[in-house]
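The values are calculated or read from the model by the stated rules, or taken from the named source; none is laboratory data. Since the model is a prediction, treat every value here as computed from it, not as a measurement. Here Cβ is always computed from backbone atoms with ideal geometry, including for glycine, and neighbour counts include all displayed protein chains. Accessible surface is based on the protein model in full, side chains and every heavy atom, while ligands, DNA and RNA are left aside. Shrake-Rupley method; radii C 1.70, N 1.55, O 1.52, S 1.80 Å.
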Amino acid sequence: MTINPDRVVDDVDVRILRALVHEPRATTVALAEATGLARNTVHSRLARLDTDGVLQSFERRIDPATLGYPLTAFIMVTVTQRRLRAIGDALAGIPEVLEVHGLSGVTDLLVQIVARDADDLYRLAGQILDIDGVEKTTTGLVMRRLVDYRIGPLLNQPRGG
């Protein structure tokens, strides 16, 4: 998906997005009713939000624990910078890797993984450490999620122009 970096939502988009946050399974007709907008307006706006990369994957809604992966961990990875692309490709080839973020600061990458149990987590951490160009890893096991992923509060913030 191509993300339009210049895309900023307007007030009409925000109304639709708020309705989607409130009811993610809402049909176009239901969104039109909830927002007071015409069905065609909602339909075209949703299509543009999707094309512009504003709407992200619905995969985020699937709990990995239901697939047999109850453990979540973050692995901080220090890498050889010139190997970054190959390291990213290698990480993308590991099914248990959910997200990889490039960071500035004391570490280079933050890798979110899921595992079946402690032995599986150990195996995955070793697999990541074995990637050519990975110099060091530090693993932190998630003990409890204190704030779930959310976007609603941002939709309610005043937007500057």
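Answer yes or no as to whether LEU17 is in a helix (DSSP H, G or I), hydrophobic (A, V, I, L, M, F, W, C), within 19 Å of ASP148 (Cα to Cα) and open to solvent by less than 30 Å² (accessible area, probe 1.4 Å). Against the criterion (in a helix (DSSP H, G or I), hydrophobic (A, V, I, L, M, F, W, C), within 19 Å of ASP148 (Cα to Cα) and open to solvent by less than 30 Å² (accessible area, probe 1.4 Å)), LEU17 qualifies. Taking the criterion of being more than 20 Å from LEU67 (Cα to Cα) and of a type outside the set (Val, Ile, Thr), the residues of segment 92-124 that qualify are HIS101, GLY102, LEU103, SER104, GLY105, ASP108, LEU109, LEU110.
Residues of segment 129-141 include none that is of a type in the set (A, V, I, L, M), within 21 Å of the chain's Cα centre (by Cα) and either surrounded by 15 or more Cβ atoms within 10 Å (Cβ to Cβ) or within 28 Å of HIS22 (Cα to Cα) (or both).
Rundown of residues vs (1) at pLDDT 95 or above; (2) in contact with a helix residue (DSSP H, G or I) (Cβ under 9 Å, 6 or more places away or on another chain); (3) among the charged types (D, E, K, R), yes/no style:
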| site | (1), (2), (3) |
| --- | --- |
| ARG61 | no, no, yes |
| THR72 | yes, yes, no |
| VAL77 | yes, yes, no |
| GLY88 | yes, no, no |
| ILE94 | yes, yes, no |
| LEU109 | yes, yes, no |
| ASP117 | yes, no, yes |
| LEU121 | yes, no, no |
| LEU124 | yes, no, no |
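Is segment 82-89 home to any residue that is in contact (Cβ under 8 Å) with a residue 40 or more places away in the chain and either surrounded by 15 or more Cβ atoms within 10 Å (Cβ to Cβ) or closer than 25 Å to TYR149 by Cα (or both)? Looking for residues that are in contact (Cβ under 8 Å) with a residue 40 or more places away in the chain and either surrounded by 15 or more Cβ atoms within 10 Å (Cβ to Cβ) or closer than 25 Å to TYR149 by Cα (or both), one finds at least one in segment 82-89, hence yes. Please find, within segment 142-158, the residue that is least open to solvent (accessible area, probe 1.4 Å) out of those that are modelled with pLDDT under 90, farther than 15 Å from LEU55 by Cβ and not polar (S, T, N, Q). So the residue we want is ASP148. Taking each residue of segment 38-52 that is in contact (Cβ under 8 Å) with a residue 40 or more places away in the chain and looking for partners that are part of a helix (DSSP H, G or I) and surrounded by 14 or more Cβ atoms within 10 Å (Cβ to Cβ) with beta-carbon atoms closer than 7 Å, six or more apart or interchain, yields LEU49/ASP13.
For segment 12-27, the criterion of being free of Cβ contacts under 8 Å to residues at least 60 places away in the same chain and either of a type in the set (Asp, Glu) or touching a strand residue (DSSP E or B) at 6+ places or on another chain (Cβ under 8 Å) (or both) is met by at least one residue.
Restricting attention to segment 103-128, the residues being loosely packed, with under 11 Cβ neighbours inside 10 Å and closer than 19 Å to GLN81 by Cα number 3. Identify the residue in segment 129-161 that is in contact with a strand residue (DSSP E or B) (Cβ under 7 Å, 6 or more places away or on another chain) and of a type in the set (A, V, I, L, M) and, among all such residues, is farthest from PRO70 (Cα to Cα). Taking the candidates together, the pick is VAL134.
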